[in-house]
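Peer 1: Following this message is one structure expressed as structure tokens.
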Amino acid sequence: MTEQHGDDPTEDRPGPYRGVFGSADAPPSSGTTPYGDRPSAYGDSPAAFGGVYGAGADAYQANPPKQVTIAAVISLGLGAMCVLLAAVALTSAGEQVSEVLTGSKGNQGVAVAAALICGFVYLLPAIYLRKRRPWARYLLIGVAAIGIAGGAMALPASILGLAIHVTLLILMLQQPTRLWFHHP
């Protein structure tokens with residue numbers, strides 16, 4: 001009995017190598033790769049493949065570059081830690097937190113206010129970076145520069161903070177980040 005069109009169980013499999021281990025007599029169809037065709041379920045638009053429209057330096061990217069996402073996550077984490085520090089400063093450990101931040105045990109209110117302001121300064125750009133607000137990028141560049149200056153003055157105790165702020169600054173100054181914020 002000969003197989004007719006539609007009787008081959010491997011006929012519906014994409015790519016030139018039909019069957020589990022491939023078949024030498026199955027010629028590749030036009031436009032395929034050795035790995036098979038990409039099913040249309042992945043989408044045909046450029047947005048489905050990274051969100052890049054156009055070519056070269058004028059390319060429009062619908063999704064933020066990974067540098068923006070990483071910077072937003074770092075900023076969000078730093079902001080959350082500042083808010084957590086403010087909450088801890090309101091507990092019975094507030095005197096110790098106040099002493100570390102201000103140098104005096106009686107300045108709990110100042111320590112809480114400073115931690116909340118820092119939290120605000122980190123959380124605001126974290127929220128608006130991915131919404132493509134240029135002011136959020138500039139604010140984060142300024143915060144990173146201040147963090148670098150403060151970290152450099154407090155070396156070697158502040159090596160982690162210095163590294164985090166240098167990372168934020170580098171992420172905000174890279175070309176994919178600049179292009180994404182300057183092309184509407």
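Peer 1: Jot down the radius of gyration and Dmax of segment 80-184, Cα atoms only, both in angstrom.
Peer 2: Rg and Dmax of segment 80-184, Cα atoms, are 15.9, 50 Å.
Peer 1: Simple spin-label model, 7 Å along Cα-to-Cβ: Leu160 to Gln174 in nm?
Peer 2: Taking the two extended label points, one gets 2.3 nm.
Peer 1: What length, rounded to one decimal in nm, is gained on full extension from Arg132 through to His182, with 0.36 nm per residue of separation minus their alpha-carbon distance?
Peer 2: 17.1 nm
Here, each number is a calculation from the coordinates, and none is a lab measurement. As the structure is a computational prediction, the values presented were derived from the model and not from experiment. Heads up, the Cβs are rebuilt from the backbone with ideal geometry, glycines too, and the neighbour counts pull from every protein chain shown.
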